[in-house]
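Colleague: Here you go, one structure.
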Amino acid sequence: MRRSLVRILREKGIVNEGVLEAIGTVPRHVFFDEIFDSHAYQDKAFPIAEGQTISQPYTVAFQSDLLDVKPGSKILEVGTGSGYQCCILLELGADVVTIEYKEKLSMLAKQMLGKMGYHAHFLVGDGSNGYPQLGPYDGIIVTAGAPIQAIDPLVKQLKVGGKLIIPVGDLKSQKMLRISKISEQQIVQEEFNNFAFVPLLGDNGWKN
């Protein structure tokens, strides 16, 4: 089933072999209740606890590809959610700091990843502010739909040469952005496909 999912992602244009290998390695079904196992390797989002979703595999692959993770990269993930995206980043060799607004989700993800043998730095808090205490980062990935004001505080926490991958728009639809920090004074912004994420909550996100 994982091989079938990888084939679907190839057909949809994902060509990054590292990302495809990671998708083919991480057992997505462990994030689902057993009765929903048949949904685990379909290319779709699925509801999880606390009114959140586990992202569509294509979305995870697309964001991971844009981030261009190198082994040893320090990555900040804003929005731990189920922990699936975190697993993909870890498979790509990243050193991951992941922050989640909802304590229950963070706890569940930390327990699940621990059982699977994955280790990240789990935090509970307002990810819309980033987490400068452990920065700067080689990359930041935001897994929730954000308003435009979320960009600046996160870009400040990037190393020169780093990338921010963030879906920006309104509560219904967002455009995926890749923002590359060329120097402390210069950034380059690229726009990609439209997506629909759950809202980013917090000071620089949407109000709860």
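Colleague: Of all residues in segment 168-187, which are open to solvent by 50 Å² or more (accessible area, probe 1.4 Å), part of a strand (DSSP E or B) and farther than 17 Å from Tyr137 by Cα?
Modeller: Lys175
Colleague: Are any residues in segment 156-167 open to solvent by 10 Å² or more (accessible area, probe 1.4 Å) and either under 17 Å from Glu77 (Cβ atoms) or among the small types (Gly, Ala, Ser) (or both), and if so, which ones? Write out each step before concluding.
Modeller: So the first thing to find is which residues in segment 156-167 are open to solvent by 10 Å² or more (accessible area, probe 1.4 Å), and the list is 156-157, 159-161, 163.
Within segment 156-167, Gln157, Lys159, Gly161, Lys163 qualify.
Colleague: Next up: Report yes if Phe62 is over 19 Å from Gly205 (Cα atoms), of a type outside the set (Gly, Ala, Ser), open to solvent by 20 Å² or more (accessible area, probe 1.4 Å) and free of Cβ contacts under 8 Å to residues at least 60 places away in the same chain, otherwise no. Steps first, answer last, please.
Modeller: On the way: over 19 Å from Gly205 (Cα atoms): yes; of a type outside the set (Gly, Ala, Ser): yes; open to solvent by 20 Å² or more (accessible area, probe 1.4 Å): yes; free of Cβ contacts under 8 Å to residues at least 60 places away in the same chain: no.
Criteria not met by Phe62.
Colleague: Here is a further query. Hey, Met112 hits all of (1) modelled with pLDDT under 95; (2) touching a strand residue (DSSP E or B) at 6+ places or on another chain (Cβ under 9 Å); (3) under 26 Å from Gly18 (Cα atoms); (4) among the aliphatic types (A, V, I, L, M) but one; which does it fall short on?
Modeller: Condition not satisfied by Met112: (2).
Colleague: Give segment 140-155 a look and list any residue that's closer than 21 Å to Asp95 by Cα and buried (at least 24 other Cβ atoms within 10 Å of the Cβ), or say none.
Modeller: Ile140, Ile141, Val142, Thr143, Ala144, Leu154
Colleague: Lys110 fails exactly one of the following numbered conditions: (1) open to solvent by 60 Å² or more (accessible area, probe 1.4 Å); (2) part of a loop (DSSP other than H, G, I, E, B). What is the number of that condition?
Modeller: In the conditions (1) open to solvent by 60 Å² or more (accessible area, probe 1.4 Å); (2) part of a loop (DSSP other than H, G, I, E, B), Lys110 misses (2) alone.
Colleague: Within segment 70-92, how many residues turn out to be under 20 Å from Pro136 (Cα atoms), in a loop (DSSP other than H, G, I, E, B) and either open to solvent by less than 30 Å² (accessible area, probe 1.4 Å) or not small (Gly, Ala, Ser) (or both)?
Modeller: First, pick out the residues of segment 70-92 that are under 20 Å from Pro136 (Cα atoms): 70-80, 86, 89-90, 92.
When the remaining residues are screened for being in a loop (DSSP other than H, G, I, E, B), the result is 70-73, 79-80, 92.
The next check asks that each one be either open to solvent by less than 30 Å² (accessible area, probe 1.4 Å) or not small (Gly, Ala, Ser) (or both); those that pass are 70-71, 73, 79-80, 92.
Qualifying residue count for the region: 6.
The values are calculated or read from the model by the stated rules, or taken from the named source; none is laboratory data. Just so it is clear, the structure is predicted and the values come from calculations on it, not from any experiment. No Cβ is skipped: glycine too gets one built from the backbone with ideal geometry, and neighbour counts run over all protein chains shown. Ligands, DNA and RNA are excluded from the accessible area calculation, which covers all protein heavy atoms including side chains. Shrake-Rupley method; radii C 1.70, N 1.55, O 1.52, S 1.80 Å.
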